[in-house]
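Here's the structure we're looking at; comments come further down.
Values in this text are rule-based calculations from the coordinates and carry no lab data. This is a predicted model, so every value here is computed, not measured. Cβ: placed from backbone, ideal geometry, glycine included. Neighbour counts: every protein chain shown.
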Amino acid sequence: MRIFVPKETAPGEERAPVTPETAKKLVALGAEVAVETGIGASIHRSDTEYKSTGASVLDDRMAGLREADIVLRLRKPPIEEAAALREGCIHISFLDPFNERDLIEQFAAAKVSAISMEMIPRTSIAQKMDALSSQANLAGYLAVVLAAEELDRIFPMMTTPAGTIQPARVFVIGVGVAGLQAIATAKRLGARVEAFDTRPAVEEQVRSLGARFVKVDLGKTEETEQGYAKALTEEQLAAQREVMAKHCASSDVVITTAQVFGRKAPVIVTTAMVQRMRPGSVVVDLAIETGGNVECAEFDKVVEVNGVRVFGYANMPSRAAIPASEMYSNNIGSLVEHLWNKERSGIVIDPADEFLRGCLITHEGQVVNQIIKKHHNL
Ligand code: NAD
């Protein structure tokens with residue numbers, strides 16, 4: 001089967017979807033692999049390195065897309081590139097399927113089997129294919145490094161003949177993969193860390209990292225089968241904001257990562273709460289791509305409110321493009337390996353397969369994913 005990997009084209013995107021190491025594994029599976037010229041340039045991997053794996057390097061992106069049996073990429077494709085794929089092509093990438101109705105309809109119309117990296121089940125067997133986790137982990141680390149650089153204080157306590165410096169206070173709201181990494185990174189830098197999440201199971205994880213869990217009496221909170229938080233009611237959110245306000249006011253750094261799968265992120269930190277923080281403090285909103293947790297945060301911008309800077313940078317993982325690419329590439333490579341059928345020397349899509357039922361969005365002209373179908377009323 002012919003696999004084609006186009007170069008990422010979104011502005012500011014530094015990540016590469018497939019590294020030469022993964023290309024080599026795909027070639028070893030028996031695939032005919034082609035990548036687009038310059039695919040690894042942003043991570044300092046040359047076309048020669050890709051060629052040395054047995055892959056070919058193509059200049060003509062559209063021809064690569066048109067002729068491929070399998071397309072691997074990182075971000076969702078522009079709709080015209082989805083339309084160029086041939087019938088039966090298997091397309092694997094992030095797809096943003098809850099927001100991209102037209103793209104999904106296009107995949108169905110083109111009879112493409114589209115697999116969404118966001119929808120890979122969060123099970124132990126799928127861990128090595130879990131790109132949401134691999135990228136969120138880096139985002140959590142990078143948010144803390146950004147805050148440490150931008151804050152007008154230092155993170156650790158320092159006792160010196162010139163005086164004792166108190167540690168910075170970091171408050172992490174939302175403790176999934178990104179939040180846990182943010183806590184661990186802030187602790188390693190010596191900050192005093194507090195955290196909150198609506199899922200009670202998180203308390204133990206926060207404590208085991210040496211941070212303090214902030215308690216809020218929200219009554220019953222729910223999780224999906226996949227372990228995702230369900231949205232809070234308006235009353236619960238109001239109760240949460242009241243407690244968050246106090247903790248934000250006494251923090252030097254607030255990092256928000258709270259998301260509700262398939263929905264807009266909840267607004268947790270209001271502008272009034274930011275106004276109560278000490279001038280010079282830093283807020284990093286990692287949920288900005290799904291709408292943001294901080295009312296005054298702006299997409300890919302820094303906003304200043306009463307001397308507090310609110311960072312809403314998009315695509316944080318791209319700031320560490322090398323490990324982000326290596327991890328994504330391992331994720332997508334493991335996915336191809338998982339789906340590869342040795343006898344048929346290719347991927348054979350079985351929409352009834354339990355794993356594929358989670359992440360296959362379109363197949364043979366139909367939208368087959370029940371969650372996405374229901375979400376878009378298709
Ligand atoms: P996510 O990005 O969807 O959300 C981040 C965090 O925000 C979650 O912990 C969520 O509970 C929290 N949140 C939602 N609303 C909130 C609110 N109002 N206030 C505060 N916090 C709020 O989460 P994620 O990082 O993708 O992880 C989701 C789940 O999947 C977690 O249970 C995680 O442990 C689990 N997971 C399992 C595996 C696996 O087993 N393979 C891998 C990764 C993640």
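Summary table below
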| quantity | calculated |
| --- | --- |
| Sequence ranges 249-260, 45-56, ranked by mean other-Cβ count within 10 angstrom, highest first | 249-260, 45-56 |
| Charge sum, other residues only, whose C-beta stays under 9 Å from Glu14's C-beta, Lys/Arg counted +1 and Asp/Glu -1 | 0 |
| Shape box of the range 1-63 [Cα atoms, principal axes, largest first, Å] | 33, 24, 16 |
| Lys, Arg +1 and Asp, Glu -1 on Cβ, resulting dipole of the range 29-177 about Cα centre, debye, nearest 20 | 520 |
| Computed [θ] at 222 nm, helices only, for the chain once each DSSP H run of length n ≥ 4 contributes -39500 (n - 2.57) | -10000 deg cm²/dmol |
| Burial ordering of Val368, Val170, fewest other beta-carbon atoms within 10 Å first | Val368, Val170 |
| Over the range 248-348, volume per residue of the alpha carbon convex hull, in Å³ | 116 |
| Rg(Cα)/(2.2 N^0.38 Å) for the range 294-339, N = residue count | 1.76 |
| Rounded Å value of the spacing that divides the Cα centres of the range 129-157 and the range 221-289 | 17 |
| DSSP bridge orientation in the range 34-179 - percent antiparallel, rounded to nearest 5 | 25 |
| Max mean-square fluctuation residue, GNM over the chain, Cα-Cα springs under 10 Å, options Pro317, Pro17, Pro77 | Pro77 |
| Which listed pairs, of Lys76/Lys230; Lys128/Lys374; Lys111/Lys373; Lys111/Lys264; Lys7/Lys76, have C-alpha distances above 18 Å, in listed order | Lys76/Lys230; Lys128/Lys374; Lys111/Lys264 |
| When the range 178-217 is reduced to its Cα atoms, the Kirkwood hydrodynamic radius in Å | 10.1 |
| R0 of 25 Å, Cβ-Cβ distance Ala239-Ser208: FRET efficiency to nearest 0.05 | 0.45 |
| Furthest towards positive pole of dipole, Phe98, Ala108, Gly140, structure part the range 98-178, Cβ charges | Gly140 |
| Cα-centre dipole for the chain with unit charges at Cβ (Lys and Arg positive, Asp and Glu negative), debye to 20 | 880 |
| Along principal axes, Cα extents of the range 1-150, largest first, whole Å | 48, 38, 33 |
| Over the chain, equivalent-ellipsoid semi-axes from the Cα gyration tensor in Å | 40, 24, 18 |
| Cα Rg, Dmax (largest Cα-Cα span) when computed across the range 144-232, Å | 15.2, 55 |
| Highest-first arrangement of 325-336, 200-211, where packing means the average Cβ count within 10 Å | 325-336, 200-211 |
